[in-house]
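Engineer: One structure, as structure tokens, below. Some questions next.
The values are calculated or read from the model by the stated rules, or taken from the named source; none is laboratory data. Note that the coordinates shown come from a computational prediction; the quantities given were computed from them, not determined experimentally. Here the Cβ positions follow ideal geometry from the backbone for every residue, glycine too, while neighbour counts run over all protein chains shown. The area values use the complete protein model at the heavy-atom level, side chains included, leaving out ligands, DNA and RNA. Shrake-Rupley method; radii C 1.70, N 1.55, O 1.52, S 1.80 Å.
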Amino acid sequence: MLRLFVGIEFPPELKLHLSLLQSGIAGARWIDPGNFHLTLRFIGEVDEGTAADVDEALLRLKARPFSLQLAGTGTFGGDKPRQLWVGVEREPTLTTLQGKIELALIRAGLPPEPRKFTPHVTLARLWQPRRDDIQRFLAANAQFRAAPLRIERFSLIASYPTKAGSVYEDQADYELRD
């Protein structure tokens, strides 16, 4: 069985830039900077036959390259934050790509993703963080903006859980073309 997701990987300089945000919250489990990515669709555990069907469906997908802008920070979890993230500015081409990926995976036999697509980059998983720490972090990084990033491909990525966190391995890359 393979645990898969479709995502956009980032260049080392962007991963370094994001890693510089990782401090100031006691008890945060910071994501390894090598694992920073933008998830387009979580697939989960599938057998090798299904993985081959997913690959074939993604190979047929046609979409244009675009630019992506990471900006701002936030949390998921409402009054009990459980995840700290960097946001992605609204980009219609990204939304279109994600929709095409979702449709391709449904056609390949996967069930639809029940959650709304909310593009973000996870910085940390949180467990009972102090509210003051979260507020300070969000205020200090509210104006965060990375340099625009040209997106010319997306990837099918395998996730292997370990005690130290997940290890990601590219399974296939898919070029975007005008």
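Engineer: Look through the stretch 99-129, keep the residues that are assigned to a helix (DSSP H, G or I) and open to solvent by less than 50 Å² (accessible area, probe 1.4 Å), and return whichever of them is nearest to PHE154 (Cα to Cα). Quick ask: steps written out before the conclusion?
Structural biologist: Filtering the stretch 99-129 for residues assigned to a helix (DSSP H, G or I) gives 99-107.
With open to solvent by less than 50 Å² (accessible area, probe 1.4 Å) added as a condition, the list becomes 99, 101-102, 104-105.
Working: GLY99: 14, ILE101: 10, GLU102: 13, ALA104: 14, LEU105: 14 Å.
Ranking the qualifying residues of the stretch 99-129, first place goes to ILE101.
Engineer: Considering only residues that are loosely packed, with under 14 Cβ neighbours inside 10 Å and small (Gly, Ala, Ser), look in the stretch 47-70 and name the one that is nearest to GLN128 (Cα to Cα).
Structural biologist: Here is the first cut: in the stretch 47-70, the residues loosely packed, with under 14 Cβ neighbours inside 10 Å are 47-49, 52, 56, 59-60, 62, 64, 67.
Subset that is small (Gly, Ala, Ser): 49, 52, 67.
Values: GLY49: 40, ALA52: 40, SER67: 36 Å.
The selected residue is SER67.
Engineer: Continuing with the same structure: When you scan the stretch 77-96, do you find a residue that is touching a residue at least 60 places away in the same chain (Cβ under 8 Å) and open to solvent by 70 Å² or more (accessible area, probe 1.4 Å), even just one? Before the answer, list the steps.
Structural biologist: We begin by selecting, within the stretch 77-96, every residue touching a residue at least 60 places away in the same chain (Cβ under 8 Å); these are 86.
Next, from what is left, pick out any that are open to solvent by 70 Å² or more (accessible area, probe 1.4 Å): none.
No, the stretch 77-96 contains no residue that is touching a residue at least 60 places away in the same chain (Cβ under 8 Å) and open to solvent by 70 Å² or more (accessible area, probe 1.4 Å).
Engineer: So for the stretch 44-51 (the condition being without any contact (Cβ under 8 Å) to a residue 24 or more places away in the chain and within 19 Å of LEU110 (Cβ to Cβ)), does at least one residue qualify?
Structural biologist: Just the residues of the stretch 44-51 that are without any contact (Cβ under 8 Å) to a residue 24 or more places away in the chain, to begin with: 49.
From what's left, within 19 Å of LEU110 (Cβ to Cβ): 49.
Scanning the stretch 44-51 turns up at least one residue that is without any contact (Cβ under 8 Å) to a residue 24 or more places away in the chain and within 19 Å of LEU110 (Cβ to Cβ).
Engineer: Looking at LYS15, is it without any contact (Cβ under 8 Å) to a residue 40 or more places away in the chain and open to solvent by less than 50 Å² (accessible area, probe 1.4 Å)? It would help to see each step written out before you state the result.
Structural biologist: Values: without any contact (Cβ under 8 Å) to a residue 40 or more places away in the chain: yes; open to solvent by less than 50 Å² (accessible area, probe 1.4 Å): yes.
So LYS15 passes the test.
Table: residues versus (1) under 20 Å from the mean Cα position of the chain (by Cα); (2) open to solvent by 50 Å² or more (accessible area, probe 1.4 Å).
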residue: PHE137; (1), (2): no, no
residue: GLN143; (1), (2): no, yes
residue: ALA146; (1), (2): yes, no
residue: ARG150; (1), (2): yes, yes
residue: PHE154; (1), (2): yes, no
residue: TYR160; (1), (2): yes, yes
residue: TYR168; (1), (2): yes, yes
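Engineer: Go through the stretch 153-178 and give me each residue that's touching an Asp or Glu at 6+ places or on another chain (Cβ under 7 Å) and not in a strand (DSSP E or B).
Structural biologist: Selection gives GLY165, LEU176.
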